[in-house]
Amino acid sequence: MNSPAAGGSRRRVLLILKRPGGLKVLSRILPALLLVLLAASCATLPEDIPPGDPGYALAPAASGPLADLEARFLTAAGPEVSGFKLLDANAEALRWRLALIDSARFSLDLQYYVWWGDESGSLLMQRLAAAADRGVKVRIIVDDLATMLQGANDSRLRGSAAAVIDLHPSIDVRLFNPWRSRSLAGRFFEYVSEFELTNQRMHNKLMIADNRVAIIGGRNIGNEYFGLSSEVNFRDLDTLGVGPVARQASAAFDRFWNSDIVVPAGVLWAGVTPADLQAGTETVHRRLGSASVLTNFSIDPLDWSADLAGLSEELHTGTSYVPSDTVDEDGVNHLMPAAIRNLLETAEREVLISNAYLIPDDEVVAWIQEQIDRGVRYRILTNSLASNDVTAVNAHYKHWRGPLLGIGAELYETRPEAAVKSTLADTPPVEAAFMGLHAKAVVVDGLRVFIGSMNFDPRSWRINSEVGVIVESPGLAAAMKAAIEADMRPENAWKVTLGPDGEVLWVAGDEVLDRQPARSFWQRVQDVVLMVFPKEIY
């Protein structure tokens, strides 16, 4: 199992590198970091951090806009099914999150790997605070690898934003696998001394409003996930679900909320006060008021009645369950790999996969070959080196192109300048330098789908915790299949093929490349250097 203490230096450096402008940031902080590591002492939490009180999702709201939405849908569809809407465009994904927050009347539960303190992260947090002010009970779980930053200008508060937010009487924040040391130096030593424990992170992504509506998928909270980053915006997918799926998601959330490895934020920082909460709230409101990237989003809560009224007509009917890994005092119990494999084994005709970070092994390739040999068509979309925001992943994926093509799988790789970038990834007025794939989705036989947080790499399969939803719904499957097939078109992706001599080629229309496309020479250098690091850390 991995520890609360050190999700740390190597992984934290990788996380910094993954952020837009991350390499530049790292080059600036590294000299200071080395000095700190040589000299600094650090505050350390007790070995036994007190757990939070047990808590569970509130019963589905008896009234309010979201209760009315579910009632309208179930009246037409029946009580045993849920309704689903694919959240395809980044702008739409942010808009519906705001809609659920503004429309909630009783409860909001949110669980995310990363929650950045940028414009989108601050906007969502401000709207959550507004919901809490009107009496909505808010629970938030985030991974402590990169704890929430709420834009505090006071350097004493940077990194303690989770504890500041936790001061709100209607907001409870808990951190997964927290560092026992709250200093950067201490985290480094914690990481080195307890690597296995600290390397284990919570990659889950869930949002549940009034126990009536949920959003499940691949997006974290941050500008690049909602099309508002000028450097990279992701092509990603979520689904909004209405009905029993919300209660299934709540059960997954509660398992984490009540686990020994999830700790109340308030015990991790000393010295934060209600005055800090007030000051932080005022600072964020001022920042949002001048945020040019949010031109098309209201800073203040809205009435979403018209949108919710129309939503019930857009929902695809289906049955679902929400598989998730579980956690106990020994760490993560990895249940998701079996759930995905069981889904894939139902395939009779075709499997369509869109997954950002793909690192198979011999066993996986052999298993896919068995599927193909019995007549199942496999089409897989993943990142090219050129579209990858984590070059290290490509360094370990690239060796598997030939074996996957050799067994008959069809392989596509995202173009960084894809045509869908302007319509689905970028959110006006922002235009990013490039687009990367971040989706984690599967369509089986045009009937069943998976959408969630799990990449197809060793970290997701064996180290991190993950969650998702498996839905049997021809309507949702058709929508997701159309989205993935569009992402595979020549204007959006290269088709990877084998040439006459077995060489790997990248084909898009009349364009044929005989070496993997990249954004720069420096990226090619990284692609070689990062091969020396173990694939499990990515």
For region 433-448: of the residues being more than 12 Å from residue 235 (Cα to Cα) and outside any strand (DSSP E or B), which is most open to solvent (accessible area, probe 1.4 Å)? 433
Residue 430 being more than 18 Å from residue 482 (Cα to Cα) and touching a residue at least 12 places away in the same chain (Cβ under 8 Å): yes
Whichever residue in region 287-298 is outside any loop (DSSP other than H, G, I, E, B) and either surrounded by fewer than 12 Cβ atoms within 10 Å (Cβ to Cβ) or of a type in the set (Ser, Thr, Tyr) (or both) and, among such residues, is nearest to the chain's Cα centre (by Cα): 292
Return yes when residue 272 is touching a helix residue (DSSP H, G or I) at 6+ places or on another chain (Cβ under 7 Å), closer than 27 Å to residue 133 by Cα and modelled with pLDDT of 95 or more and no when it is not. no
Anything in region 470-486 that is part of a helix (DSSP H, G or I) and either over 17 Å from residue 315 (Cβ atoms) or among the aliphatic types (A, V, I, L, M) (or both)? List them, or say none. 476, 477, 478, 479, 480, 481, 482, 483, 484, 485, 486
State whether one or more residues within region 348-363 are of a type in the set (A, V, I, L, M, F, W, C), touching a residue at least 24 places away in the same chain (Cβ under 8 Å), surrounded by fewer than 20 Cβ atoms within 10 Å (Cβ to Cβ) and touching a Gly at 6+ places or on another chain (Cβ under 9 Å). no
From the option list 91, 76, single residue qualifying as modelled with pLDDT under 95, over 25 Å from residue 177 (Cβ atoms) and of a type outside the set (Asp, Glu) is 76
Looking across region 66-82 at residues that are open to solvent by 10 Å² or more (accessible area, probe 1.4 Å) and among the acidic types (Asp, Glu), the single one that is farthest from residue 212 (Cα to Cα) is 80
Scope region 299-339; condition touching a Lys or Arg at 6+ places or on another chain (Cβ under 8 Å) and in a loop (DSSP other than H, G, I, E, B); matching residues: 301, 315, 334
Can you tell me which residue among 388, 394, 342 is part of a helix (DSSP H, G or I), surrounded by 18 or more Cβ atoms within 10 Å (Cβ to Cβ), among the polar types (S, T, N, Q) and at pLDDT 95 or above? 394
Inside region 226-276, can you point out the residues that are among the aromatic types (Phe, Trp, Tyr) and open to solvent by 10 Å² or more (accessible area, probe 1.4 Å)? 269
Would it be correct to say that residue 284 is of a type in the set (Val, Ile, Thr), assigned to a helix (DSSP H, G or I) and touching a residue at least 12 places away in the same chain (Cβ under 8 Å)? yes
Checked region 238-269 for anything among the hydrophobic types (A, V, I, L, M, F, W, C), over 14 Å from residue 204 (Cα atoms) and either out of contact with any helix residue (DSSP H, G or I) (no Cβ under 7 Å at 6 or more places or on another chain) or in a strand (DSSP E or B) (or both); matches are 240, 242, 245, 246, 261, 263, 267
Subset of region 163-200 [in a helix (DSSP H, G or I) and modelled with pLDDT of 75 or more]: 163, 164, 165, 166
Residue ID - nearest to residue 484 (Cα to Cα), chosen from residues in region 92-117 that are open to solvent by 10 Å² or more (accessible area, probe 1.4 Å) and in contact with a Gly (Cβ under 6 Å, 6 or more places away or on another chain): 116
Out of all the residues in region 299-308, is one or more of a type in the set (A, V, I, L, M, F, W, C), without any contact (Cβ under 8 Å) to a residue 12 or more places away in the chain, over 20 Å from residue 131 (Cα atoms) and exposed (fewer than 14 other Cβ atoms within 10 Å of the Cβ)? no
I'm trying to understand the selection: among the residues of region 487-517, which are part of a loop (DSSP other than H, G, I, E, B), open to solvent by 30 Å² or more (accessible area, probe 1.4 Å) and either closer than 18 Å to residue 436 by Cβ or of a type in the set (Asp, Glu) (or both)? 489, 491, 501, 503, 510, 514
Which number in (1) more than 18 Å from the chain's Cα centre (by Cα); (2) at pLDDT 95 or above; (3) over 30 Å from residue 309 (Cα atoms) marks the one condition that residue 212 misses? (3)
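The values are calculated or read from the model by the stated rules, or taken from the named source; none is laboratory data. Keep in mind that what you see is a predicted model, and the values were worked out from it rather than measured. Please note: Cβ atoms are built from the backbone with ideal geometry, for glycine as well, and neighbour counts cover all protein chains shown. Accessible surface is based on the protein model in full, side chains and every heavy atom, while ligands, DNA and RNA are left aside. Shrake-Rupley method; radii C 1.70, N 1.55, O 1.52, S 1.80 Å.
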